[in-house]
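Working notes for the structure below.
The values are calculated or read from the model by the stated rules, or taken from the named source; none is laboratory data. All values derive from a computational prediction rather than experimental measurement. Neighbour counts are summed over all protein chains in view; Cβ atoms, including those assigned to glycine, are modelled from backbone coordinates with ideal geometry. All accessible areas refer to the heavy atoms of the entire protein, side chains included, with ligands and DNA or RNA removed. Shrake-Rupley method; radii C 1.70, N 1.55, O 1.52, S 1.80 Å.
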Amino acid sequence: MSKLYMAKANAILDRELKKGSAELLILSLLESRPRHGYEISQQIEQRSAGTLKFNVASLYPLLYRLEKRGWISGQWVEKAGQRRRRYYKLTPAGKTMLKEHRRTWAEFVTAMQRITGVSHA
Amino acid sequence: MPDFQRIVRGRLGRANLEPTRESEIVDELSQHLRDRYESQLSSGMNETEAERAIIAELDSRDLAAELRDIEGRWKEPVALGSNQRPEFWPALWQDLRYAVRKLRLDPVFTTVCVLSLALGIGANTAIFQLIDAVRMRTLPVPHPQDLAVIRPSNLSTTGRQTGRYGYLTNAIWERIRARQRGFSDVFAFGNQSFNLATRGEVRNAQGLWVSGEMFDVLGIQPVLGRVFHASDDHPGCGAPGAVISYRFWQTEFSGDAGAIGKSVSLEGHSFPVLGVTPASFHGVDVGHSFDVATLICSEPVIAGEDSIYSMPHGWWLAVMGRLQPGWTLEIATAQLDSISPGIMAETLPPVYQAEARKQYLQKKLAAYPGSTGLSNLRREYESPLWLLLAVTGLVLLIACANLANLMLVRASAREKEIAVRIALGAARGRILRQLFTESLLIALLGAALGTLLARMLSSFLVRYLSGEGDVRHIFVGLVMDWRVLGFTAALAILTCVLVGLAPAIKATGTAPARVMSLAARGMTATRERFGLRRILVVAQVALSLVLVVSALLFSGSLRKLLTLDAGFQREGVLIMDIDFTRLTIPPAQRAIFRQTVVERVRALPEVEAAAETDAVPLGGSYWNDQVVVNGEVNKALVDMGHITPGYFKTIGTPLLAGREFNQHDTAASQKVAVVNQEFARKILGTENPVGRTFKIQVYQGQPQHEYEIVGLMANAKYYDLRQEFDPVAFYPQTQDDRPDNYGQIIVRAGGSLEPVVGALRRTMAEMNPDITINFRSLDEEIRNGLLKERLLAMLSGFFGLLAAVLAAVGLYGVMAYMVARRTNEIGIRMALGAAPSQMLAMVLGEAGRLLCIGVVAGIILALSVGRWAASLLFALKPYDPAIMGMACVGLAIVAVLASTVPARRAAKLQPMVALREE
């Protein structure tokens, strides 16, 4: 019974954490260069060693929301020999928001550390 | 590979996204799924498993709902040419915005259209406003439809008549009040001017005699103080007070509330101000207002020995009343008819001779509609106003024809645009509606501007009608009531339809493919379209001819009146009215007094000649009588007057035989007379009447003297310039049995009148400042008498000119268009050897053809409508050939001028350039 409860609690925690941090993830991934949607989901999965996964149904609504807010902008690009893809890049507003999100996240982590004693290498 | 596009599209169906966006999202997501699928395959899954896994991912959330939240529900925009019915108001708004944009792109076109329409609509509205005010509008009192006028059916009278509506005597009025049954209440009124000044130069106020109950019957509440009531009105009431108009209160008392209790001086008698009437009330005489109202019973106080109050043959009152509920005019007339014989018998003036008695006793009272009040202005100006409305209507039609031509050109130019839209699926009705909106917008702008112009024009007309020197005191209340507004709106819609519809239908009627192929060549006009333009120009020419003819007729009429030989010299003659009532000179000495004044005036260096008379030519005040020759009464009425020696020299009427009056013609000597040629011819049947005698058909009980004719004067107009000469007889002032307290000194000045006026003022003040004086110029009096003709001449002249200009513009437009259209053809002709002069002749010939057809149509039109104007003309027939000829020549000149520019352009065309033109 406790294993099931743990799994459920993990799932909830997972969702909540993801919600708050998803924007930060995408914004920071786009900081270095423009990427298309599939690349973004791959990068997230790889760099998090499989912990964080965004499938098609959860990634794109997020991308469109960010686009609507004007933090990222999408553009169709056709490279030689490839199908056309939609690449996203950070807007100036997006860069500002990224800085803000990072600061907030850092404060949150520091606070958690103080209380729980968890630290990272 | 599964069809991911189909799969994703299926998931997004419910989202109801905008199609383009949906396509994008489908592309993007299906691309992602493809990549994922390949990645799954390469990690070892088989196809079926991979597909299942991916679809599970896709369905892990409600994608459709989320995307709908983010992207928003798609609203289908209104597309031109779509089969869907768009909502009405957004579509109209879009049409309007599009129309505004289109019109702003072509400011010259828009300005020309709006201005021509504004002129046309403005002129029509102004005239209609006047007609409305004078003819149609009911009195601004409660329940005007109940009002009726009571008067004799036959208005001719014998005796003394004053005021504009001297229909009844006081005696008759009192009996009507007592015996009528058909009216819940009746009142009487009359008009006169009152001199407000106590000495020196006259200052006239417009006076209104009223019976006590008038204000109550009309439902007029005072804004200050009180009005009269029936109890105030009884014989011998003296001078209880005066009720003043709002305007008079503002100008004379500065709108001060303390005016009540202050007095006004009426002909030297003091009347306390009792109250002020509302600003909207101007009496029941449409075309005039009043300043001071006072009771009928106060008349003896003001008039003194000249009082008409108790005179049985003094006609000075009019009567109106409110019909009883259920009573009609016919029933009321029947009742009045039944009491008439009794009333006339009781009030018969004892001084009447047999014929006058008969006429009097036969008078029958009747009831006439009174909701629009009484108006002699209406009588005088109704025909001219309707005629002017017809004229302005024609001008508007011509302007519309011009506009229609302009619209046709514009429509041709936009054919390509319209064809493309139709090809793309636009509904013809939709495009029609949009074109219509453009012309509606122009029409509305024209109407709005026209309303402003109308206001200015009608104010100007009213001021003009008031005449110079404020003599006629015409007042017309101009109001923008629903009738006028409705009229203007109807005009706007009509012009919109006339001007916009035909071109719009034409423009959308041609098949798009045809249009586009023609449009590529730049010439999209069809023969049929050009035919319509030709017809419009011909119509313009025809209508312009009618207007030019009318302008020439009225101007000609006026010119004839102004230059006709009236039998006296009108330039440089001044009339000084004198009133010496306050000097209380006994009757026997009045003639001597007047002579003294004349001698003092003659002595002035500025004065060439002077005389005194009570019959100034065209002055409007004289009397007439029948004469008795050899014991027989002659039916003809003879105008009569008293003059002093020097009259003929002063007025410039030649004495043809015999002598004029001199110092030997006294009160005691033989009664003498000087008569005119018409008297001699009509009454005596001779050319030289000197030595003949006649008697005057006097009242009963008056001495009937025998007059010996001592002189013959030339015919002169005394009553009306337009009428034929009347028989006239003059007598010496010294032989007047009942001399008046007033007279008219006529003065011929050496130069301008101004210095004479100054000298006279000084002289009269020296003689006695209690003599009231008033100055009039004879020339001015005559000009005022010709006001109607001057108005018609001025307005018809202006509109005739405007019409000619509009027709010229229309003709120019068509000719220019024709040349442009046939440039190719002209080039070919010239290349084949045609001379430029031949091209010139071709264009002018075309213009000439249009002109001829237009002129012929115009002549036919002018002849058929001409008879309506006949009564307004003087010494001219409506079909006067000289005038018709002049109008044709005038229009021909205009037409030639208008077509010269395009004709020369055609002649100057270089063949190579012309041929290259597509």
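Things to note:
- Residues located in the stretch B:227-273, provided they are among the small types (G, A, S), in contact with a Ser or Thr (Cβ under 8 Å, 6 or more places away or on another chain) and in contact (Cβ under 8 Å) with a residue 24 or more places away in the chain: B:G238, B:A239, B:G241, B:A242, B:S245, B:S265, B:G268, B:S270
- Filtering the stretch A:63-112 to residues that are open to solvent by 60 Å² or more (accessible area, probe 1.4 Å), more than 14 Å from chain B (Cβ to nearest Cβ), more than 17 Å from A:L29 (Cα to Cα) and in a helix (DSSP H, G or I) leaves A:T104, A:E107, A:F108, A:M112.
- Residues of the stretch A:36-57 classified as within 12 Å of another protein chain (Cβ to nearest Cβ) and open to solvent by less than 20 Å² (accessible area, probe 1.4 Å), total: 5
- Search result, residues across the stretch B:862-892 that are modelled with pLDDT under 90 and among the β-branched types (V, I, T): B:V865
- The residues listed here are B:I893, B:I883, B:I859; of these, the one that is among the aliphatic types (A, V, I, L, M), within 16 Å of B:A551 (Cβ to Cβ) and without any contact (Cβ under 8 Å) to a residue 12 or more places away in the chain is B:I893.
- The selection criterion, being buried (at least 20 other Cβ atoms within 10 Å of the Cβ), of a type outside the set (S, T, Y) and in contact with a strand residue (DSSP E or B) (Cβ under 8 Å, 6 or more places away or on another chain), holds for B:G207.
Here's the yes/no breakdown for (1) at negative phi; (2) surrounded by 21 or more Cβ atoms within 10 Å (Cβ to Cβ); (3) among the aromatic types (F, W, Y):
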| residue | (1), (2), (3) |
| --- | --- |
| B:H269 | yes, no, no |
| B:G283 | no, yes, no |
| B:D291 | yes, yes, no |
| B:T294 | yes, yes, no |
| B:A332 | yes, yes, no |
| B:I339 | yes, no, no |
| B:A354 | yes, no, no |
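- So B:S310, is it closer than 30 Å to B:D285 by Cβ and open to solvent by 20 Å² or more (accessible area, probe 1.4 Å): yes
- Test set (1) touching a His at 6+ places or on another chain (Cβ under 8 Å); (2) surrounded by fewer than 22 Cβ atoms within 10 Å (Cβ to Cβ); (3) not aliphatic (A, V, I, L, M) - B:P732 fails condition number: (2)
- Some residue of the stretch B:768-776 being among the charged types (D, E, K, R) and in contact with a helix residue (DSSP H, G or I) (Cβ under 9 Å, 6 or more places away or on another chain): yes
- Residue in the stretch B:430-440 that is crowded, with 22+ Cβ neighbours inside 10 Å and within 30 Å of B:L861 (Cα to Cα) present: yes
- Looking across the stretch B:747-776 at every residue that is of a type in the set (D, E) and open to solvent by 50 Å² or more (accessible area, probe 1.4 Å), the one that is farthest from B:T653 (Cα to Cα) is identified as B:E766.
- Test result for B:G866, without any contact (Cβ under 8 Å) to a residue 12 or more places away in the chain, closer than 30 Å to B:S550 by Cβ and part of a helix (DSSP H, G or I): no
- Filter result for the condition that a residue is open to solvent by 10 Å² or more (accessible area, probe 1.4 Å) and more than 41 Å from the chain's Cα centre (by Cα), over B:L604, B:L618: B:L604
- Filter pass, B:L435 being under 24 Å from B:L553 (Cα atoms) and assigned to a helix (DSSP H, G or I): no
- All positions within the stretch B:9-25 that are farther than 12 Å from B:L67 by Cα and among the aliphatic types (A, V, I, L, M): none
- Identity of the residue in the stretch B:158-173, in a loop (DSSP other than H, G, I, E, B) and under 32 Å from the mean Cα position of the chain (by Cα), that ends up farthest from B:G207 (Cα to Cα): B:Y167
- Taking (1) in a strand (DSSP E or B); (2) at pLDDT 90 or above; (3) surrounded by fewer than 21 Cβ atoms within 10 Å (Cβ to Cβ) in turn, B:G641 satisfies each apart from (3).
- Candidates B:S383, B:S466 - the one that is modelled with pLDDT under 85, surrounded by fewer than 20 Cβ atoms within 10 Å (Cβ to Cβ), over 20 Å from B:F109 (Cβ atoms) and out of contact with any Gly (no Cβ under 8 Å at 6 or more places or on another chain): B:S466
- Qualifying position, being touching a His at 6+ places or on another chain (Cβ under 9 Å) and either among the basic types (K, R) or free of Cβ contacts under 8 Å to residues at least 40 places away in the same chain (or both), among B:K671, B:K717: B:K671
- Taking helices (runs of 4 or more DSSP H) as the structural unit, those lying wholly within the stretch B:328-413 and holding at least 3 residues that are among the aliphatic types (A, V, I, L, M) and touching a residue at least 24 places away in the same chain (Cβ under 8 Å) correspond to B:329-347, B:376-413.
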